[in-house]
Amino acid sequence: MRARLANEDGFTLIELLMSSALLLVVIGATLTAFDRFQYNARVNERRNDASDQVRRTVDLLTRDLRNLADPTNQALSIESKSATDLVFRSVDPAATGTDANRVGVRRVRYCLNATTGIVYRETQQWTTVAIPTVPSTAACGPADVWSGACVLDSTCSRIVAAEFVTNSRTATPRALFGYDATANDAVTAIRVNAYVDVNGASQAPAETNLESSVNLRNQNRRPTAVLAPPVRAGGNDFLLNASGSSDPEGALLKYEFLKTTAGVETSLGPAQNSPTLTKPLADGDSVRVKVTDPGNLSAYSESRTVSVQ
């Protein structure tokens, strides 16, 4: 035993090779795990950055939609909408009010480029009283016309709002924007449903789904027209009463009464502030009322048939 302890011989070559091989296996496994950890950390960081970018875009969209153009003089706050493209009029909070466009109305567009997965925020601004035409929305991104002097008397600009949005990845593209109504002037809420993925479709982790909703506070909605049955007021005169009509924003309406005789419709007079009108009518005439709000949105009531009996 003492002889073995006193032996100063080292490891044999085979023992050294075996130890080195085991060490290389351990180090290799450790480095592989560390490299995978770093890769996952980078992917998670990119995913978080992309998700945060989409959240900031939703916040920006919410602010723009909350500043929808004044419904008393801007009839179409939402001018066009689709699953991946939205154009609306908004008030620029930084407007100086020193030019002809005193309230600073501008157009704002959010669109998704299905090929690149980039969401762009584009604006059109002007300083004139007349509202310029809408630039083409046929394309989204650097190939479109929303930059520089896009339309006469206006200037457009474009920024990248979000990246890695994969709504168009599937065979049936998923809508980025959803609406609670079909008609532009009837929309009161807009949903945002974004899918985000910084990797390829076959690579883990899977897409991240971000959803939000914006309720429109300044959207001008179409009024409702109601005409009561005509009431005989004496002789051939009939009282037409449209006081049951209403405007969602509580604005004052203009009333225009219309008469149809033998299939031809004519106006019983110019639009008026009063919801009632007395006019001579013949048996079998058909009457209805057209109501118009300050934003120039109109609605027609159902027709009422006049009976003199």
Criterion: surrounded by 15 or more Cβ atoms within 10 Å (Cβ to Cβ), within 21 Å of VAL87 (Cα to Cα) and modelled with pLDDT of 90 or more - qualifying residue of LEU258, LEU268, LEU216, LEU176: LEU176
Residue list for region 275-302, restricted to those being more than 15 Å from PHE238 (Cα to Cα) and touching a Ser or Thr at 6+ places or on another chain (Cβ under 9 Å): LYS290, VAL291, THR292, ASP293, PRO294, GLY295, SER298, ALA299, SER301
Condition broken by ARG158, with the remaining ones in (1) under 28 Å from THR208 (Cα atoms); (2) assigned to a loop (DSSP other than H, G, I, E, B); (3) modelled with pLDDT of 95 or more satisfied: (2)
Selection from region 133-173 of residues that are under 30 Å from SER202 (Cβ atoms), free of Cβ contacts under 8 Å to residues at least 60 places away in the same chain and of a type outside the set (Val, Ile, Thr): ALA139, CYS140, GLY141, PRO142, ALA143, ARG169, ALA171
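Could you go through region 11-23 and let me know if any residue there is closer than 30 Å to ILE159 by Cβ, modelled with pLDDT under 75 and not β-branched (Val, Ile, Thr). Even if it seems obvious, please write down each step before you answer.
Residues of region 11-23 that are closer than 30 Å to ILE159 by Cβ, as a first pass: none.
No, there is no match, as no residue in region 11-23 is closer than 30 Å to ILE159 by Cβ, modelled with pLDDT under 75 and not β-branched (Val, Ile, Thr).
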Pairs with Cβ under 6 Å, 6+ apart, first in region 182-206 and part of a helix (DSSP H, G or I), second not charged (D, E, K, R): ASN184/ILE78; ASP185/LEU297
VAL134 vs. criteria outside the structural domain of ALA282 (by TED's automatic domain parsing) and assigned to a loop (DSSP other than H, G, I, E, B): yes
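Give the residues of region 87-100 that are out of contact with any Asp or Glu (no Cβ under 9 Å at 6 or more places or on another chain) and either over 25 Å from VAL192 (Cβ atoms) or not in a loop (DSSP other than H, G, I, E, B) (or both), sorted by residue number. Please lay out each step first, then the result.
Within region 87-100, the first condition is being out of contact with any Asp or Glu (no Cβ under 9 Å at 6 or more places or on another chain), and the residues that meet it are 92-100.
Answer for region 87-100, where residues must be out of contact with any Asp or Glu (no Cβ under 9 Å at 6 or more places or on another chain) and either over 25 Å from VAL192 (Cβ atoms) or not in a loop (DSSP other than H, G, I, E, B) (or both): ALA95, THR96, GLY97, THR98, ASP99, ALA100.
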Residue under evaluation LEU227, criteria (1) without any contact (Cβ under 8 Å) to a residue 40 or more places away in the chain; (2) over 30 Å from ASP64 (Cβ atoms), criterion not met: (1)
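Residue under question is GLY295, and the condition is that it be assigned to a loop (DSSP other than H, G, I, E, B) and surrounded by fewer than 17 Cβ atoms within 10 Å (Cβ to Cβ); does it hold?
Working: assigned to a loop (DSSP other than H, G, I, E, B): yes; surrounded by fewer than 17 Cβ atoms within 10 Å (Cβ to Cβ): no.
No, not satisfied.
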Residues of region 219-245 classified as over 16 Å from VAL306 (Cα atoms), loosely packed, with under 15 Cβ neighbours inside 10 Å and in contact with a strand residue (DSSP E or B) (Cβ under 8 Å, 6 or more places away or on another chain), total: 2
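The values are calculated or read from the model by the stated rules, or taken from the named source; none is laboratory data. These numbers were taken from a predicted model, which means no experiment stands behind them. We place every Cβ from the backbone using ideal geometry, glycine too, and count neighbours over all the protein chains shown.
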